[in-house]
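These notes concern the structure reproduced below.
Please treat every number below as a calculation from the coordinates, not as lab data. Given the structure is predicted, the values throughout are model-derived calculations rather than measurements. Neighbour counts are summed over all protein chains in view; Cβ atoms, including those assigned to glycine, are modelled from backbone coordinates with ideal geometry.
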Amino acid sequence: MEKVFRGVLRHRKVVVAVFVVLTAICLACVPHVKIDADMSDYLPPSAKSSQDLTAMKEVYGNDITNARIYVTGISQVDASSFVDELKAEGDVVSVTWLGDEVDLDEPLEVQDQDTIDEWYDGQGYLFEAVLSDTVDQTEVDHIRSMAEDLPNAGTVAMDGSAISNASSMSTLDTDMIKIMTIAVITVFLIVMLSTTSYLHPVVMLLTIGVAIALNMGTNIFRGTISSITQLVASVLQLAVSMDYSIVLLTNFGRYRQKTDDQFEAMVKAMTKSFSVILSSAAVTFFGFLSLSAMQFLIGQDMGIALAKGIVCSFFSITLLMPCILYGMRNAVEKTTHAPFIKSFKKMARFCYKGGVAALVIAAIIAVPSLLAANNVKFTYGETSNLSQSSQVKIDGDIINNAFGESQTWAIMVPEGEWANEDALIADLKALPTTKSVLAYTTVAGDGLPHELADEDQVKQLISGGYSRIVLVSNVPDEGTTSFNLVEKVRSLISSRYGDDYHLVGNTVSYYDIRSVTTSDQMTVKLASIIAIGIVLLVMFKSISIPISLILAIEVSIWINEAVPYFMGDKVNFVAFLVIDAVQLGAAVDYSIIYTEEYLQRRRRMAKSPASFQAVEKTAQPIITSSSILIVACLGIYFVASSPMIQQVGLLIARGALISVIEIFFILPLLFRISDGFIRHTSLKLGFYVEKSKSEEHVDMDAVVQQIEDDSQPQEQNR
């Protein structure tokens, strides 16, 4: 590897040129990557609602109600005119309103009042629309302006899945800019405080920026990525892979103290850092990739993007960063400054003394935390992912107050079985949550031949050998009542048609998402533990070391996941699913840095001073890297518009903090306690053997003295 790195550094201009070309190509590809904000699109093909949605689109197209528009103060004539204007819009597939349900030529007072109340509340009219998949916030704003321009128009409110998806997409770029700005500022300040040159953070950011561009650009080969992945992948890549560059920079600084030849110092640093960076990248890579084990395909979407980002960061830091750093060596020398934090001895002393108390506390709360984490309540729907201050949320509350909550489902059953269809319609109408049921027989009657019926009605309700029933229910988009209704409606349909039916609706999709993701949490946990465990096993040639590392980090994950339960908060299922892989992958990076340092020192001194000194020597890179992850993810929490993305940021930030505390307090103690077990379950560790029992229990003064005498390792006592 030293020969390889020597060649890389000698041909640094070629290396930089290659990265510049690749970065330019990838940046040109970024705008062409499609973003999908609809979580139901990530249901596995085996899910019932996914199959039903595909079948429904093939037969009827995308014409399930996905938007509601409420306009107050307008006359009936203007409302009718507004419908005509809406139908003329390119992104509007269809519109339904009061005029489609009653005869407007007759006085409303003499017609069915329940039907009228569903569309007119005395203040304004409700319009239900089917908007195309391509509708964006610009079109939504245009529709709102059309309504506001109606004579005497008062309140205009719009909600529905199409409206919320358009809103999410419109804030995506703004949120990304805010999040990355906070992350960049965080990296610059923290790295500047922990290094010895004002240009070091610039070099790091430039290198990781190239890696992020490569990752985002190569997403074009995947066709489409989720909005969640688009928002969090870059900042997580920046925060998680920053410790690779810190390792390289730290080793370069050490070799610079030994030689004035910066070329040789950089080659030695590249060679020394390679194994640590490769190991850290490998465990993070497999930790992220374990998300792909989820049935819910959002895991595959995020897992591939995050794992690919680690690969891009690995090559950028091991190849590009040394070339840039060496090429800027004169400028770096001119911008050097004294280290702002010179010693971590006091922190090492505090961690050493507090290890036993920390282990006792962790042991006491571990099992309760695990039980609490397994009982956290989740949210799945779009409504729960809307900020309380968002326009869509405010509008939704206005419409719900006027007309009640409403969910529109579509049922496809075999055409021509009129007796079964009539019986099913009667069953659906009898449900206490039903607002209306629309079918061919309710409009034209099952005795009217298709040829004599209205062509538009036939096209919407009978096609491709299927008859369609539209069920409108007064339920929220998720929750116990809504999910129980899904089970009830499926049961009613299957009792008449067996498995020969299709049921589509937002709540139906959320029900299946809940079913699929129930098993995904354990799948991701096991996949990440096994994958990372194997990497650690190969890396350290030890059975006990991977167990110690993973055990300490898993306890921190349990504590992190238990917090929402004890606070009585609901958590979005996506945020909760990804935390296992992300926290484990990130925290293992820190634990590897500590373990490598501990093992090196354990080969030449007793376990107590080795664990103590390892804390002192690794505190700077671990604290620097973890601080970046924590602050960057807190930035996500404070600036993201989506509550789900906010929860992802908060969970990762809190998890990183807990993990670092455990690594500094508990992991050194675990190594000391299990020293004999580690010795007998590992290959070729070459541990220093103490001459007497007294050396195994060095008092604090002796330990501190050994730290001060660190420049004279005890090789003679081996």
Farthest toward positive dipole pole in the chain [+1 Lys/Arg, -1 Asp/Glu at C-beta], among Ala305, Phe540, Ser473: Phe540
Looking at Phe612, Thr115, Ser226, which one has the Cα that reaches farthest to the positive end of the dipole of the chain (charges on Cβ: Lys, Arg +1; Asp, Glu -1)? Phe612
For the range 635-680 and the range 528-542, write down the distance between their C-alpha centroids in whole Å. 18 Å
Helix 643-673 vs. the chain, principal-axis angle (Cα, 0 to 90°, nearest 10): 30 degrees
Which of the aspartates and glutamates could be linked to Lys346 by a straight reach, that is with a Cα gap under 17 Å, when you skip same-chain ones fewer than 8 residues away? Glu616, Asp699, Asp701, Glu708, Asp709, Asp710
Cut-off under 14 Å on the C-alpha distance; same-chain residues fewer than 8 positions from Lys34 excluded. Which aspartates and glutamates are left, in chain and number order? Asp133, Asp136, Asp173, Asp301
Through the Karplus equation 6.51 cos²θ - 1.76 cosθ + 1.60, θ set to phi - 60°, convert the phi angles of the range 222-236 into ³J(HN,Hα) values in whole Hz; use x for Gly and Pro. 8, x, 9, 10, 6, 5, 5, 4, 4, 6, 9, 4, 5, 5, 5
Quick check on my link table: of Lys3/Lys272; Lys258/Lys345; Lys13/Lys334; Lys607/Lys684, which ones sit more than 20 Å apart, alpha carbon to alpha carbon? Lys258/Lys345; Lys13/Lys334
What is the distance, in nm, between label points placed 7 Å from the Cα along the Cα-to-Cβ direction at Lys13 and at Leu685? 5.0 nm
For the range 391-511, just run the numbers: alpha carbon Rg, then divide by 2.2 N^0.38 Å, N being how many residues it has. 1.12
Along the Cα→Cβ direction, 7 angstrom out, place labels at Ser674 and Ile25. What is the inter-label distance in nm? 4.5 nm
Nitroxide proxy distance, nm - points 7 Å out along Cα→Cβ at Phe566 and Asp100: 5.2 nm
Structure-based [θ]222 nm, the chain - -39500 (n - 2.57) summed over DSSP H runs of at least 4, per residue, nearest 500: -21500 deg cm²/dmol
Förster-model FRET efficiency, 22 Å R0, Ala430 and Thr480, C-beta, rounded to 0.05: 0.60
Identify which of the listed values of Rg and Dmax of the Cα atoms in Å was calculated from the structure shown: (i) 30.9, 106; (ii) 29.2, 90; (iii) 32.3, 108. (i)
Over the chain, what relative contact order in percent results from Cα pairs under 8 Å that are six or more residues apart? 18 percent
With 0.36 nm assigned to each residue of separation and the Cα-Cα distance removed, Ile394 to Trp418 gains 4.4 nm
In the structure displayed, which of Lys57/Lys377; Lys393/Lys429; Lys353/Lys617; Lys435/Lys488 lie more than 21 Å apart, Cα to Cα? Lys57/Lys377; Lys393/Lys429
